[in-house]
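Novice: One structure coming up, written as structure tokens, with questions to follow.
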Amino acid sequence: MTVLGAQYYRPPNPPRGDWARDLARMKAAGMNTVKLWACWSWIDGREGEYDFADLDELVSLASGNGLRVVVNTIIENAPYWLEHRAPHARYVDEGGRAIRLTAAMNTPGGGWPGLCFDNDEVWSAASAFLRAVASRYDDVVWDVWNEPHLEPASYFPERMYCYCPASLARFTSWLRRKYSTVDALNEAWSRRYSDWAQVAPPRVFEAVPDLLDWREFWFDNLAEWLRRRVEVVREATDATVMTHVALSGFTGQLATHTLDEFRLTDHVDAFGTSSFPTWLMADDHVEHLFNLDAARAAARGIPYWQAELQGGRGRRDGDRSTAQPRPEVVSLWMWNALAAGATGIVFWQWRPELLGPESPGYGLCTPSGDLTERAEAVREFAVVADDPVLAGRSVVEPTVALVVSRRSALHTFATDRTMALYRDAVLGAYRLLLDADVEVRVVHEDDLATGVPTGIETLYWPMPAVADEAVMRTLASFVRAGGRLVAEAGPGEYAPTGHRRPRVPDEAFDGIFGVRERETTVAEPGATIATASGDLRAAWQQELLAPAGADVLGTFAAGDPAITENRVGTGTAVLVATYPSIAYQREPDASSRRIVASLVAPPVHEVRWAEQRPGLLTRRATAADGAGLVFALNWTDAPAALVVPATAKVLHGRVDEGGLVPPMSAALLRVA
């Protein structure tokens with residue numbers, strides 16, 4: 001069964017008198033799941049006096065309506081009595097400013113942003129709350145952390161956290177484990193410390209090596225916070241335990257929020273991601289699908305959900321508030337999730353909240369709880385979600401993969417004070433491939449340290465600025481063994497410490513690219529690469545290359561090599577001496593799309609679009625009985641023709657005579 005539901009309760013919303021009516025309407029709308037928030041500050045307002053009255057009633061009502069329950073445990077809103085007892089445990093920024101508990105966007109009932117869990121007394125009280133909640137309810141799914149990140153950063157992305165005494169002490173211990181000696185730390189950071197007592201985290205940008213370590217520490221620390229939450233809940237129940245992220249960190253929040261979804265899946269049974277395609281993604285179906293594909297990759301085989309999906313207009317935010325999405329758009333968002341392999345779709349939320357800056361946003365219903373055309377779109381889609389053919393299906397993982405790098409993102413952040421360049425590179429590369437309907441999977445650099453995952457034939461490596469030797473050796477072996485590597489400018493230009501390597505490509509690549517870099521310059525506005533099949537647009541950086549055995553496939557205006565291809569062993573390494581990904585993200589063009597697709601050389605599938613253009617997508621899956629499934633999505637405003645074999649059967653959606661899929665619609669086909 002595909003999970004189909006909505007978030008319903010976050011105190012003090014919605015009114016108690018509407019609960020029974022609303023949950024019955026959810027069931028009638030085709031939903032099978034409801035999500036309820038268990039807020040620490042709300043339930044534990046008086047020390048030792050947990051108040052579960054709201055949750056008890058809601059869980060009972062959900063059961064009576066045949067709705068499965070997801071309990072989202074929220075400990076990012078600490079009780080005020082604990083702040084009063086432990087003021088030293090408040091989150092502290094780089095300037096020494098502590099944050100007092102308050103109400104905020106995601107906690108209208110107060111207690112935000114919670115207290116820092118590096119403090120033992122905070123974790124002791126939080127774990128007691130988690131244990132009490134988890135031991136109270138049976139047969140529910142436990143979402144133990146709503147959108148994991150360093151919580152205050154969501155409100156203050158220009159600041160860094162946390163510099164409370166407990167976090168500073170934990171960072172020092174982390175450094176000691178990593179470097180063992182002060183001399184080793186000095187070597188990595190290029191410093192002259194004489195004692196560990198002198199070492200401290202950075203409080204400004206551009207202190208590159210220590211800022212990289214400070215961020216890496218927090219990725220490790222948050223992963224440990226999550227592990228502890230899971231451990232406490234599992235002591236009380238054997239039910240499914242999950243977490244879900246706000247979005248992919250690689251779309252911009254990795255460095256500011258300390259969000260790398262690939263670090264958050266080791267200890268959970270299921271995973272998820274939030275998506276607000278109109279409010280936060282400018283109605284960009286490409287960015288929505290990237291977040292889904294990244295979540296699936298981070299899940300590494302465990303089930304993953306579209307754990308939050310925008311149900312209505314964007315939050316109150318002045319002129320930036322967004323309109324109600326059209327029903328057909330809401331439907332296509334759900335199709336995106338299924339096509340990307342999600343086994344659950346949960347809307348944020350069933351009805352708009354009545355208090356806080358999110359009021360009156362995101363609801364599938366009106367503020368009074370009445371149904372809308374968006375809710376009707378969900379009811380109609382429930383027929384698709386309930387089809388047994390989708391139970392037990394598996395995504396056919398693409399043979400083309402996109403490499404993402406936390407280290408490159410962090411280096412961009414440390415040097416530029418923003419990771420915007422890296423975000424544009426990753427999204428632009430994904431967009432280049434998706435607009436050509438190249439099925440692509442996301443591969444994290446961490447997973448390359450021990451080898452390229454099975455089934456990948458081609459790797460596209462956007463903005464490959466930072467790489468350690470293990471990754472470079474893996475990629476070199478991949479090419480020698482028959483793989484195809486397409487890298488943008490400067491592969492491995494920087495070591496993980498932020499030091500610029502004097503030779504690019506480094507010796508670890510061992511002649512893989514068949515070129516060497518003489519130096520780099522800035523790509524002039526409008527710069528292009530001339531190839532036999534057209535022009536490829538350049539952006540930001542341009543490498544000046546000296547070929548050392550590679551063939552030249554394209555040149556810059558002055559005649560310098562711009563695209564090279566080198567055959568090594570049974571594989572091929574292609575180097576593009578600029579960033580076509582950044583250029584395409586900023587201004588998509590058909591010529592660049594066609595050239596990059598040819599460099600990647602994707603396979604041609606049986607079901608495909610007769611004429612490819614952006615917005616036409618296909619995704620393949622395998623049903624539990626072994627049959628092939630194809631999702632065909634038409635995000636354009638015109639009908640589009642599919643090439644469909646005679647043996648294919650349309651299970652859902654419309655495919656008219658001649659293979660036409662109507663505009664802004666989708667179809668699911670079964671193929672032999």
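Laboratory data are not the source of any read-out in this text; all were calculated from the coordinates shown. Predicted model, so just to flag it, every value in this text is computed and none were measured. FYI the Cβ positions are ideal-geometry reconstructions off the backbone, even for glycines, and counts take in every protein chain you see.
Novice: What whole number of Å gives the distance from the Cα centroid of the stretch 68-136 to the Cα centroid of the stretch 329-368?
Specialist: When both Cα centres are located, 26 Å separates them.
Novice: Assign one of three labels to the stretch 321-429, namely rounded, prolate or oblate, based on the Cα gyration tensor with a ≥ b ≥ c the square roots of its eigenvalues; rounded applies when a/c is under 1.5, prolate when it is not and a/b is larger than b/c, and oblate otherwise.
Specialist: Numbers: a/c = 3.10, a/b = 1.34, b/c = 2.32.
Oblate.
Novice: Between Ser359 and Asp183, what is 0.36 nm times their sequence separation minus the Cα-Cα distance? Round to one decimal in nm.
Specialist: Length gained, Ser359 through Asp183: 57.9 nm.
Novice: Sticking with this structure for a sec: Is any residue of the stretch 41-57 close enough, with backbone N under 16 Å, to a label point placed 7 angstrom from the Cα of Ser124 along the Cα-Cβ axis, and if so, which?
Specialist: Within reach of a label on Ser124: 47-48.
Novice: Taking every DSSP beta bridge with both residues inside the chain, roughly what % is antiparallel (nearest 5)? Each step should come with its number before you reach the end.
Specialist: Values: 55 of 108 bridges.
Around 50 percent antiparallel, to the nearest 5.
Novice: Arrange Ile456, Ile595 by Cβ neighbour counts within 10 Å, fewest through most, would you?
Specialist: Placing the least packed residue first, the sequence is Ile456, Ile595.
Novice: Kindly put Thr73, Thr33 in sequence by how many other C-beta atoms sit within 10 Å of each C-beta, fewest to most.
Specialist: Thr33, Thr73
Novice: Lys and Arg at +1, Asp and Glu at -1: add these up for the other residues within a Cβ distance under 10 Å of Glu469 and post the number.
Specialist: Once all neighbours under 10 Å are counted, the net charge is -2.
Novice: Through the Karplus equation 6.51 cos²θ - 1.76 cosθ + 1.60, θ set to phi - 60°, convert the phi angles of the stretch 242-256 into ³J(HN,Hα) values in whole Hz; use x for Gly and Pro.
Specialist: Taking θ as phi minus 60°, the curve returns 9, 9, 8, 8, 5, 4, 6, x, 6, 8, x, 9, 4, 7, 6 Hz for the stretch 242-256.
Novice: Sum up the charges of everything whose Cβ sits under 13 Å from the Cβ of Val329, counting Lys and Arg as +1 and Asp and Glu as -1, but leave Val329 out. Each step should come with its number before you reach the end.
Specialist: Numbers: positive: Arg313, Arg326, Arg374; negative: Asp283, Asp284, Glu328, Glu373, Asp637.
Around Val329, the surrounding residues sum to -2.
Novice: Then there's this: Determine the relative contact order of the chain: mean sequence separation of Cα pairs under 8 Å and six or more apart, normalised by residue count, in whole percent.
Specialist: 10
Novice: With the cut-off at 1.5 for a/c, could you classify the stretch 492-621 from its C-alpha gyration tensor as rounded, prolate or oblate?
Specialist: Prolate shape, in that a/c is at least 1.5 and a/b is the bigger ratio.
Novice: Could I ask something else about it? On a full-extension model of 0.36 nm per residue, what is the gain between Val650 and Arg379, subtracting their alpha-carbon distance, rounded to one decimal in nm? Show your work: numbers first, answer last.
Specialist: Values: separation 271, 0.36 × 271 = 97.56 nm, distance 2.01 nm.
Extra length available between Val650 and Arg379 comes to 95.6 nm.
Novice: Now for a separate question. Between rounded, prolate and oblate, where does the stretch 580-672 land on the alpha carbon gyration tensor, with a ≥ b ≥ c its root eigenvalues, rounded for a/c under 1.5, else prolate if a/b exceeds b/c?
Specialist: Judged from the Cα gyration tensor, the stretch 580-672 comes out prolate (a/c at least 1.5, a/b above b/c).
Novice: Another question, if that's okay. Any chance you could check the Cα centroid distance between the stretch 543-563 and the stretch 10-43 for me, in angstrom?
Specialist: After rounding, the separation between the Cα centres reads 61 Å.
Novice: Same structure again: Using alpha carbon centroids, what distance separates the stretch 202-243 and the stretch 486-510, in Å?
Specialist: Taking the Cα centre of the stretch 486-510 as reference, the centre of the stretch 202-243 is 29 Å away.
Novice: Would you calculate a helix-derived [θ] at 222 nm for the chain, using -39,500 (n - 2.57) for each DSSP H run of n ≥ 4 and dividing by the full residue count, to the nearest 500?
Specialist: -9000 deg cm²/dmol
Novice: Same structure, new question: Mind ordering 222-229, 39-46 by average Cβ neighbours within 10 Å, highest first? If you can, show how the numbers build up before the last one.
Specialist: Working: 222-229: 18.5, 39-46: 21.8.
So the order, starting with the most tightly packed, is 39-46, 222-229.
Novice: Please work out which option in (1) 1.15; (2) 0.98; (3) 1.07 gives Cα Rg over 2.2 N^0.38 Å calculated from these coordinates, and answer with its label.
Specialist: Computed from these coordinates, Cα Rg over 2.2 N^0.38 Å corresponds to label (2).
Novice: Among DSSP bridges having both ends in the stretch 400-600, what percentage is antiparallel? Round to the nearest 5.
Specialist: Numbers: 24 of 41 bridges.
Roughly 60 percent of the beta bridges in the stretch 400-600 run antiparallel, per DSSP.
Novice: Also, I was wondering about something else. Considering only the other residues whose Cβ falls under 13 Å of the Cβ of Val182, what net charge follows from Lys and Arg at +1 and Asp and Glu at -1? Working shown, then result.
Specialist: Numbers: positive: Arg176, Lys178, Arg191, Arg192; negative: Asp183, Glu187, Asp195.
Computed value for this residue: +1.
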